[in-house]
Amino acid sequence: MIRTDGLRFGYDDRPVLRGVDFRAESGDVTVLLGRNGAGKSTLLKQFNGLLEPDDGRVVVDGETIQYDADSIAVLRQTVGFVFQDPDDQLVAPTVGQDVAFGPTNLGIDSTEAVEWALSRVGLDGYEDRLCSRLSGGEKKRVALAGVLAMKPSTIILDEPTAGLDGDGTRALVELLRELTNEGISVVVSTHYPDFAVAVGDSFSLLDDGRIAHRTSSFDEIPARNYGLRQFDSARNN
Ligand SMILES: Nc1ncnc2c1ncn2[C@@H]1O[C@H](COP(=O)(O)OP(=O)(O)OP(=O)(O)O)[C@@H](O)[C@H]1O
């Protein structure tokens, strides 16, 4: 479970988050919505300590996040973060080396973890492929595999469908639903209503630096007012 209480954050004194009370229940897919620049990425980055609040707190599985290096190292294993742009995430020349990076640092048997994680994202046998030669969609799956290989209890995904085609989006919905059935919590930001509906258990709308709506029914989110894209290919292509 992730919770923020009165979270405030700004870049160079320009406030972005102005008292965010956010909730993501364990075992749910929680969808974070909001117009461009609302602060979705900024909020998601608070959940595994990539950013530190100016005020308020972030609570993960009942513990308030602490920002010393040891606490952050543990947190990064518990809460995995999949960046919007996979090029911000991939660190090694080959797929196998990249997915092994996290588990190796944690002392986990990386061969088994890599095989398992690549299989979960539908990239069996990709170990020796060069990351630089992968398509954008494949890079996104490798980035997700790298997070899965660390066996986190929560996964945060920032705009994961950007650049995915209909099949890629459908596969992602299926995988995220499977992961929640296995007890993993998922928080995901998106602009795509069909993806949100297909994947989400709960929907939170970030507006004006606060959570303006939180509901289990997507229909209650006033889409037109918040820049949601009218249609996407998650179910219909
Ligand atoms: N590193 C940074 N330094 C300064 N300002 C930033 C930085 N990162 C983001 N911002 C600003 O903070 C605000 C919120 O940005 P953020 O990326 O969190 O929004 P978002 O809701 O994820 O947007 P989008 O839907 O376009 O991805 C924006 O005005 C953005 O320009």
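The values are calculated or read from the model by the stated rules, or taken from the named source; none is laboratory data. Note that the structure is a prediction, hence the values are computed from the model and not measured. Glycine gets a Cβ as well: all are built from the backbone with ideal geometry, and neighbour counts include every protein chain shown. Just the protein is used for accessible areas: all its heavy atoms, side chains included, with ligands, DNA and RNA removed. Shrake-Rupley method; radii C 1.70, N 1.55, O 1.52, S 1.80 Å.
Remarks
- Residue satisfying condition, being among the aliphatic types (A, V, I, L, M), under 24 Å from K40 (Cα atoms) and modelled with pLDDT under 95, within set L148, L164: L164
- Of all residues assigned to the stretch 109-124, none qualifies as being of a type in the set (K, R), touching a Leu at 6+ places or on another chain (Cβ under 8 Å) and within 27 Å of D207 (Cβ to Cβ).
- Pick from the stretch 179-201, criterion over 18 Å from M1 (Cβ atoms) and more than 16 Å from the ligand (Cβ to nearest atom), ranking: modelled with the lowest pLDDT: D194
- Filter result for A149 (touching a residue at least 24 places away in the same chain (Cβ under 8 Å) and in contact with a strand residue (DSSP E or B) (Cβ under 6 Å, 6 or more places away or on another chain)): no
- Matching option when the condition is modelled with pLDDT of 95 or more and out of contact with any helix residue (DSSP H, G or I) (no Cβ under 8 Å at 6 or more places or on another chain), among V59, V99, V29: V59
- Of the strands (runs of 3 or more DSSP E) entirely within the stretch 5-116, those holding at least 2 residues that are more than 16 Å from the ligand (Cβ to nearest atom) occupy 14-24, 55-60, 79-82.
- Taken together, L118, L134, L179 contain a single residue that is touching a strand residue (DSSP E or B) at 6+ places or on another chain (Cβ under 8 Å) and buried (at least 16 other Cβ atoms within 10 Å of the Cβ), which is L179.
- Pairs, first at pLDDT below 90 in the stretch 105-131, second open to solvent by less than 50 Å² (accessible area, probe 1.4 Å) and part of a loop (DSSP other than H, G, I, E, B), C-beta under 7 Å, six or more apart: L106/M150
- Summed over the stretch 168-203, residues that are over 22 Å from W116 (Cβ atoms), in a helix (DSSP H, G or I) and of a type outside the set (V, I, T) total 5.
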